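Scroll down for the structure; my scribbles are underneath it.
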Amino acid sequence: MSSAAITARPTRSVFAASRSALGALVKRDLLVLRKHAGEFAARTIMQPLLLVFVFLYVFPSIGQGVGGGGGKAGESDFATVLVPGVVAITIMFQGIQSVAIQLSQEFGYTREIEDRVQAPCPLWLVAVARVLSGAAQGMISAILVFPIAAVVHAPGVEAHLSVHWWVVVTLIPLACLAMTSLGLVLGTTFEPRNIGLMFGFVVLPLVFLGGTYYQWTKLSAIQVGGFPWLQTLVLVNPLIYIAEGMRAGLTEASHMHLYVVYPVLIGFCVLFLSLGLRNFRRRVLS
């Protein structure tokens, strides 16, 4: 009695199967986002709205505006600097909110991560799906916040904006990927009980030393022995490159050269994603 060899070939390649699984994971996150669109919009808008309302409306209205020494022109110059900074920190906060906070919960009490890693794809693809869905949320946040930051101001105060679309269209997706990759690192490093520590020792320094309220080029005035120590120190902060890039894309104000901004942001993206994927695998398999 002879037995015929039974052969079976997969109906699609490993790449096609992984791409399908990745698409399904991202669509799942975006579907959840759509169901909670109101909550997402409120969470995204509130912090930038309060920031521009206080700095660009309340302070100038009561005569305490930043740059008020130069009158309305000085306050308008500050508004011009602040608007790109607000868009930058919105992208950063959304990256941390959508990836780091969610991952810390999923690794913690909800244990939702156990359901995700059962998807028929490599572990690293599950993490990449979270990064991509977070980046999509970051881009939506930037689109929501920019009009608010551009129009909320006191009478006589105006942000002098000049949109350079090729910079905006290329920089925002790159910035979103870099910040969600940072969120992956933070979410796989900090335990849920240490989230306050993360905000106090990581997020706040990033914000205040990230060029949100000032231009990097102006920091050269802060020197010790002729050395611009602060201007050099903040170069380790990824947010400074996003804020300066957004100034290049939205204003005519002085800014860091774009041939520095793009390569460094790509480098941060690769670094954060590599560290995040390593930490993600270690946390899942531990």
Ordering of 249-257, 35-43 by packing [mean C-beta count within 10 Å, highest first]: 249-257, 35-43
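Determine the dipole magnitude for the chain: charges of +1 sit on the beta-carbon of Lys and Arg, -1 on that of Asp and Glu, nothing else is charged, the reference point is the Cα centre, and the result goes in debye to the nearest 20.
The calculated dipole for the chain is roughly 1040 debye.
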Listed residues LEU132, VAL284, ALA243: farthest to the positive end of the dipole of the chain (Cβ charges): VAL284
Fully extended contour minus Cα-Cα distance, from GLN47 to ASN194, at 0.36 nm per residue: 50.7 nm
Range of Cα positions in the chain per principal axis (Å), largest first: 99, 46, 40
Mean Cβ count within 10 Å, highest first, over the residues of peptides 159-169, 143-153, 89-99, 222-232: 89-99, 143-153, 159-169, 222-232
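Please give the length that would be gained between LEU235 and ALA37 if that part of the chain were fully extended, namely 0.36 nm times their separation in residues minus their C-alpha to C-alpha distance (nm, one decimal). Please report the intermediate quantities before stating the final value.
On the way: separation 198, 0.36 × 198 = 71.28 nm, distance 3.53 nm.
Working it through step by step, the gained length comes to 67.7 nm.
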Whole-Å distance, taken between Cα centres, linking the stretch 59-108 and the stretch 133-195: 10 Å
Cα-based shape type of the stretch 118-213, given that a ≥ b ≥ c are square roots of the gyration tensor eigenvalues and the cut on a/c is 1.5: oblate
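Please give the per residue accessible area of the chain, computed with a probe of 1.4 Å over protein heavy atoms only, in Å². If you can, show how the numbers build up before the last one.
Details: 14320 Å² over 286 residues.
About 50 Å² of surface per residue is accessible.
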Axial C-alpha extent at least 24 Å, average Kyte-Doolittle at least -1.0 - helices from the chain (DSSP): 14-35, 71-95, 123-151, 165-189, 258-285
Solvent exposure ordering (accessible area, 1.4 Å, most first) of TYR259, TYR241: TYR259, TYR241
Mean ellipticity per residue at 222 nm, deg cm²/dmol - from DSSP H runs of n ≥ 4 across the chain, formula -39500 (n - 2.57): -21000 deg cm²/dmol
Label-to-label distance, nm, for residues given as ALA16 and VAL163 (7 Å Cα→Cβ offset): 4.0 nm
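The values are calculated or read from the model by the stated rules, or taken from the named source; none is laboratory data. Predicted model, so just to flag it, every value in this text is computed and none were measured. Using ideal geometry, Cβ is built from the backbone for each residue, glycine included, and neighbour counts are taken over all protein chains shown. Note: accessible area is taken over every heavy atom of the protein model, side chains too, but ligands, DNA and RNA are not part of it. Shrake-Rupley method; radii C 1.70, N 1.55, O 1.52, S 1.80 Å.
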